1. Taking the condition in the same structural domain as I124 (by TED's automatic domain parsing), free of Cβ contacts under 8 Å to residues at least 12 places away in the same chain, touching a helix residue (DSSP H, G or I) at 6+ places or on another chain (Cβ under 6 Å) and surrounded by 10 or more Cβ atoms within 10 Å (Cβ to Cβ), does I91 pass?
2. Residue pairs, Cβ under 6 Å, 6 or more apart or interchain, first in segment 121-137 and under 16 Å from H50 (Cβ atoms) and in contact (Cβ under 8 Å) with a residue 60 or more places away in the chain, second surrounded by fewer than 17 Cβ atoms within 10 Å (Cβ to Cβ) and acidic (D, E). List them.
3. For residues that are under 19 Å from E122 (Cβ atoms), in contact (Cβ under 8 Å) with a residue 40 or more places away in the chain and acidic (D, E), tally how many sit in segment 38-52.
4. Please count how many residues of segment 94-111 are within 14 Å of L67 (Cβ to Cβ) and surrounded by 15 or more Cβ atoms within 10 Å (Cβ to Cβ).
5. Exactly one condition in (1) modelled with pLDDT of 90 or more; (2) loosely packed, with under 10 Cβ neighbours inside 10 Å is false for E15; which is it?
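The values are calculated or read from the model by the stated rules, or taken from the named source; none is laboratory data. Keep in mind the model is a prediction, meaning the values are calculated, not measured. Note that we place each Cβ from the backbone using ideal geometry, even for glycine, and neighbour counts take in every protein chain shown.
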Amino acid sequence: MVEKDIQKIKHALEEHLSAINENTEEIQSLFDFLNEIELKIDKVSQRLDHFQLSLGQPAEKVQIAPLTHIERKIFLVLYTEETPLSQKEIIDRSGFSADFVRECISSLIKKGIPLQRSFFNEQIFVRLDPRFKELQAKENVINLSLQSFL
């Protein structure tokens, strides 16, 4: 009698474990799908940024919202590099936390800074669009000055 009850409990637990494993696989599958969608959205965003910059708009029409002191630091990390940086490299060079760097990058994009993002070896790499970098060097669109960092 006790053995039958133990067998029933064992069978119920095995069914429960199987259901958990199936749900875990489904969640992982959905997570992978969302990552693919995010990459495609990033590619579309890059193409839109490229298209907007290639329209030949005069520098006066580039609308960049004012950056905070911290956003300027992240911008400078990206501005001073020629190659794309991983988020870890940005974190190391800026000294900010991972969440904070992600928020700042999103904020820079929302404020009109054209960043190019790429995905390689399961890492996201970010760099400042070279044409905008050149425009910044010529026109100082961001209005960077030594006094703004003091």
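1. Here the answer is yes, as I91 does meet what is asked.
2. Within 6 Å, no pair qualifies.
3. 1
4. 8
5. E15 satisfies every listed condition except (2).
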